[in-house]
Every structure is written in structure tokens, then in C-alpha cells.
1. Where the second residue is surrounded by fewer than 18 Cβ atoms within 10 Å (Cβ to Cβ) and part of a loop (DSSP other than H, G, I, E, B) and the first is at pLDDT 85 or above and β-branched (Val, Ile, Thr) and lies in segment A:176-193, which pairs have Cβ atoms under 6 Å and are six or more apart or on separate chains?
2. Looking at segment B:38-50, can you tell me whether even one residue there is more than 24 Å from B:Val223 (Cβ to Cβ) and either β-branched (Val, Ile, Thr) or part of a loop (DSSP other than H, G, I, E, B) (or both)?
3. Consider B:Glu293 against the criteria (1) within 13 Å of another protein chain (Cβ to nearest Cβ); (2) at pLDDT below 95; (3) in a loop (DSSP other than H, G, I, E, B); (4) under 29 Å from the mean Cα position of the chain (by Cα): it satisfies all of them except one. Which criterion is unmet?
4. Pairs only if they're at least six apart or on different chains, beta carbon under 7 angstrom, first in segment B:322-338 and under 16 Å from B:Pro291 (Cβ atoms), second part of a loop (DSSP other than H, G, I, E, B) and among the aliphatic types (A, V, I, L, M); list them, first residue then second.
5. Here is a list: B:Asn278, B:Asn284. Which entry is over 11 Å from B:Phe251 (Cα atoms) and surrounded by fewer than 18 Cβ atoms within 10 Å (Cβ to Cβ)?
6. List every residue pair whose Cβ atoms sit under 9 Å apart, with the two residues 6 or more apart in sequence or on different chains, where the first one lies in segment B:271-286 and is within 19 Å of A:Arg92 (Cα to Cα) and in the same structural domain as B:Leu317 (by TED's automatic domain parsing) and the second, anywhere, is assigned to a loop (DSSP other than H, G, I, E, B) and among the charged types (D, E, K, R).
7. Spot the failing condition for A:Glu134; the list is (1) in a strand (DSSP E or B); (2) at pLDDT 85 or above; (3) closer than 20 Å to A:Leu59 by Cβ; (4) under 11 Å from the mean Cα position of the chain (by Cα), and only one is missed.
8. Is it the case that B:Ile45 is touching a strand residue (DSSP E or B) at 6+ places or on another chain (Cβ under 8 Å) and touching a residue at least 12 places away in the same chain (Cβ under 8 Å)?
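The values are calculated or read from the model by the stated rules, or taken from the named source; none is laboratory data. In this text, all values refer to a predicted model and were calculated from it rather than measured experimentally. A quick note on method: Cβ atoms are made from the backbone with ideal geometry, for glycine too, and the neighbour counts reach across all protein chains shown.
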Amino acid sequence: MRPVAGLLYVLCLCGCSTPYLLPHHRPETRDVEGAGTSAVTNRSASGISGITKGDALILVFAGESVTQPFGGCLDYERKKIVAPASSYSMSRPGLALYEKTVDALRSRGYSVDRLYLPQTGQAAKKQLFLNVEEMEVYRIHKKKGDRIVSKAIVLCRTGREGEWSRQRVRVDISAENDVFAALAEALLSQILL
Amino acid sequence: MKRLALLMVWACLAGCNTPPAPLQLARDGFPENLEITKEPYACNITVAEVIDARPTGEVLEADHYELRYLVPLFLYNQWSGAGPTYMDRTLYATQGVAQGTSALIQRVLDESGAFSGKGKEYDLHVRINHLYGVSYTKDFWIIGFGGAGLEAYDFFPCGHVELAVTLKDKQTGAVLGEQTLTRSFLFNPEQPGLSCALAPGTVRLLYEDENIQGVVKFAVREVMKDLVKTLDRMVASDGHGADVTTPPATFRVIRLTDEYDFCEEMRVEYATGSILTNAVRKYNAPIVSRPGEWIVLPEGENGHWLAPAQYRKTVELLSAKYKVGFADNLDAAYFKGLKD
């Protein structure tokens, strides 16, 4: 009888833990980083050049170009895709990240103008382009409060065409506060040399 | 009696799973409440080229995973799931996505009233970077000694469209503007045309194919409205539209709601500063401001989206009487009411 009980125990253990073993039940481990298909002519792991402390900048919203569905988290409890945080924009997460990046740049001492439609660009100031190529935000349920994990791949460049740099950022926060502000801070810590 | 009831349930399920008619982009993607502009610009825009540049995975892949095991005579257990599962190719019309999009855009341009179809000729080049509906499912079932259990979930599908558009002067080939337009649409059970009906005993959505077609359809409709405004602005920048010499009789100020989809809009009478109308409405134009920021809407009284030069002149004229101007937003002017 003991071997059967042991087998049952192992089966139960496997059964209960499978949701954590399968990749799609652990969305935070999913690889979104290989999904981007945009051409990046000059990749840089360390950041982008041409921006110095205190510059007057134009932050240009170059677009949301995602290759996988984004904008929501798979909420197994509520059986649907839901917005993971109260501050979250379901339909325009790229724009939400853009706005928070503007704020984060300002808090670092830069003077920043916003430009949503690139063809009206002004050449007088240094331009920093942001293209949100990929973004995933997930909520992970825990007994004591939710944990929110967010990943983004953002393409950045300074004014010159063909100098894109791909940045991968990931944040992991425990409260339903501003996941985009956290992402923006993480992004800037990578791109500003 | 039980057998009859069971048979009826199965018949119902089979009926609900009949494949829907293929999605005809030219027909189904046409926005129902497209704004019609009354004074068209004297020009003609022809859809010269539509390139289907969707990544291969987006067209073909269904990311499916499964784990199962069997203990003979004792237990069978299976976990499976799929997602992101992109909309099946058979759910699109056979004419193809590029061809359907081309026909749709031409129809939208013709019926928008923004362009007369006569006069200066422009070519529109469109690249479909993304166009998909996507769904996720999860199943768990177990048949054991003396019992069985089933759990099946469908997560709400979402649709996403991204078009890169380039407008060129047909005669010279000069590029007048380039813009990337994106829209996402998350399944909404309240939306007419989508269904939240569940299969008996599960949380699996019925009408799965119809729903995934639906989210694609609504995303396409939204992006079509953006397209008209975007082209309107590009064409206006090429010398169409009258010079702004006097302040408008009325102008509109808006602020976006947090999700960017809606805006609060007030129409203001220039002479008196009176608010003539105040309403919350769907926002169907390129985003040029952050949520909560009051701006002067870059749209003329005739419904045309203003060229940057026209808009700046309008703001300059309004500034004689109102607190308006450009601060840190280069696309839209702030509005802070009447001057003291």
C-alpha cells in the first residue's frame, strides 16, 4: 500500500506544481526578448550617446510596434485579460511609458519637450526617439498581495537616423503602484551614459 | 429525458461552433461612425501599394503546450493550453489581407469626404506591420478512480493593428509624411457583435472564432479613423486649406481620459468665451497630448485636422483673448481659460 500512496503523493505533487513548471503558467519567465523583428542597425548594450546631463531635449514618440499582444495580464483568477495596475492604460501602454519617461527625464534635470507626431520635429534641440517595441505586464498572485512584473523592449535613438539602440528593461514591483514610472526609471538608467 | 437534454446541449454546441463567414476587411473593417468632412480638399489619394509585412509567427503560429500522463487503470490527467494563438488564416477572406486592406482604405478615403477625388494627386503606401487577433486558452482534466473533473478557460481575446503609412506626391515622388498608426482592442462583452456566452459547465467562450474576428474588426475600424485624420494633416501641410487670418467663431478644447480612448470636449465661442457644448466622446484622432491636459483641438470648424502652421496661427490669434500657448508640448497648445 505504501508504494501506491507514495506514487499518489508524487502525482499530486506534480499535478499541483505543474502550473509553475509550464512556461505559460509562469508568464514572468516567458521570453519576449527574442520577439522583436525591427531592424536595429547599431545595437548597444550600454546606452546611447549624444545626451549629456542637463540637455534640453525633445522626446519623440516614435511609436508602439509590438510583435505580441500586450497591454494586459492573464488573470487566471478572474479568467480574462485585465489591466494589471490601476494606473495602467490598457489601450496605449506605449504612450503611458512615453509619458513616464518624460517625467523621469525631468526629474533628472533635463528640460524636455514632448513630440507625438514626428514630422513636426524641431531641429533646434537634441532629439531622443522612443519606440516601444514590446511590452508585457503580468500580475502574479501571492497570498499577501499581488506582484507585478513588467518587461519591455524599447528602441531608442538620438537624432541621427540609423542609430537605434535596443534596450531591455524589466521591473518587478509588489504593489499596484505605477509600473510605468518604474519601467521608465529602469530604462533611463540604461540609456543615459 | 437526461439523454435528450444532453443531446440538445451537444447540438447547441455544434451549432455554435459552425465556422463564421470569413472576415472581409473591406466590408467589416469599415467604421460605422466615420466622421464625414463637409468641405473636401481638392485632391485625390490613391492607395498605391499595401505590403503585408506581418511577422511569420503572427500569421502561422499557435503556441500550444500540453502535459499528460496515465497510470493504467487508475488515473489519466492532462493539462493543456494555447496562447498566444493568432487568428486562423481561414477566418480571413481569400482575397488576402493586403488586398482587403487596400480596398478598405480606398473606400474609407472615398467616403470620408475629406478629399474630393479631383485635383492634386497623391499616392499612399501602406505597410501592414501587424494585424492579428489573439487568444489564450487553458484546460485541465482528470479521470481517476471513481471520479472525473474538467476545467477549461478562455481568456478574453484582443486584436492589434499597426500600419505604417507614407504619403507621396504622385508627380514628384516627394514624401509628404510618414506615420505609424497603432490600435489595440481588448474583447469587451458589452460591445455589440461580441458574445460572452459560455459553454455549459465551463468558462469556455462560445463563438470563439466570431469573437476573435470581432476584436480584429474593431481594431481595424479604430485605425481607419486615425488614418483619415493623419492623411488630412499631411495633405493640409502641402498647401491645402485656407490661410488662417482671423480667429475662428468657435473652437474646441479637449482633455483625454486616462485610457486615451475618450475625451471631454468643450466648444467655446471665441467672442464671449461661453461654453456652447460640453460632452465626453470617443477620441478618434492621433494622440497629441497626455491624459488630463486641456489643449486646443487641432481641428478646424470644417472638420479638417489642421496643418502645424495653420494650428500655430490659430493659437496665436486665440492668444489675444485666451491663455493659450505652447509650453512643453510641441504638437498641441495648452488652454487655461480667458485672460484676466
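1. If the second residue must be surrounded by fewer than 18 Cβ atoms within 10 Å (Cβ to Cβ) and part of a loop (DSSP other than H, G, I, E, B), the pairs left are A:Ile191/A:Gly47.
2. Yes, the conditions are met somewhere in segment B:38-50.
3. Result: B:Glu293 fails condition (2) only.
4. Filtered contacts from segment B:322-338: B:Asp331/A:Leu117; B:Asp331/B:Val288; B:Ala332/B:Val288; B:Tyr334/B:Ala327.
5. Going through B:Asn278, B:Asn284 in turn, the sole match is B:Asn278.
6. B:Lys282/B:Asp261; B:Tyr283/B:Asp261; B:Asn284/B:Glu35; B:Pro286/B:Asp331
7. Just one mismatch for A:Glu134, condition (2).
8. So B:Ile45 fits the description; yes.
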